[in-house]
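Structure first, then comments.
The values are calculated or read from the model by the stated rules, or taken from the named source; none is laboratory data. A quick note: this is a predicted structure, and the numbers were derived from the prediction, not measured. Every residue, glycine as well, gets a Cβ built from its backbone with ideal geometry; the counts of neighbours run over all protein chains shown.
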Amino acid sequence: MGAFFTKTIRQVLLIAAFAVACAVSTPSFAWTAATKDACVGDAFRLCSSSIGNDKATEACMNKQSASLSAGCKTAVEKERAAQKTIPAAAK
């Protein structure tokens, strides 16, 4: 049970770190909670070494766009389409 507990705690902490990094950042492309939920697994699978560094994680996710899961791709595409409809002055 010790190894399972340690692994579970590690996963919870990594998810929390990713969520905090996304929440406190002001990246050029701000992800909504729905997109974060859809992409958190991909972030850990593809960009685990950059978790905690929001800019590096965003860059990694963009670089790995061909490897994103279908759900994450759909969420990101919807976000980017929505971002394009917001006037530049409102951003």
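Observations on the structure shown:
- Out of Lys63, Lys84, one residue alone is surrounded by fewer than 12 Cβ atoms within 10 Å (Cβ to Cβ) and at pLDDT 90 or above. It is Lys63.
- Of the residues making up the stretch 23-40, those that are at pLDDT 75 or above and either β-branched (Val, Ile, Thr) or exposed (fewer than 14 other Cβ atoms within 10 Å of the Cβ) (or both) number 5.
- Every condition in (1) at pLDDT 75 or above; (2) over 25 Å from Ala70 (Cβ atoms); (3) under 11 Å from the mean Cα position of the chain (by Cα) holds for Val20 except the one numbered (1).
- Residue within the stretch 51-58 that is in a helix (DSSP H, G or I), modelled with pLDDT under 85 and among the β-branched types (Val, Ile, Thr) present: no
- Scan of the stretch 41-59 for residues that are within 10 Å of the chain's Cα centre (by Cα) and either more than 19 Å from Gln11 (Cβ to Cβ) or without any contact (Cβ under 8 Å) to a residue 12 or more places away in the chain (or both), ordered by number: Asp54, Glu58
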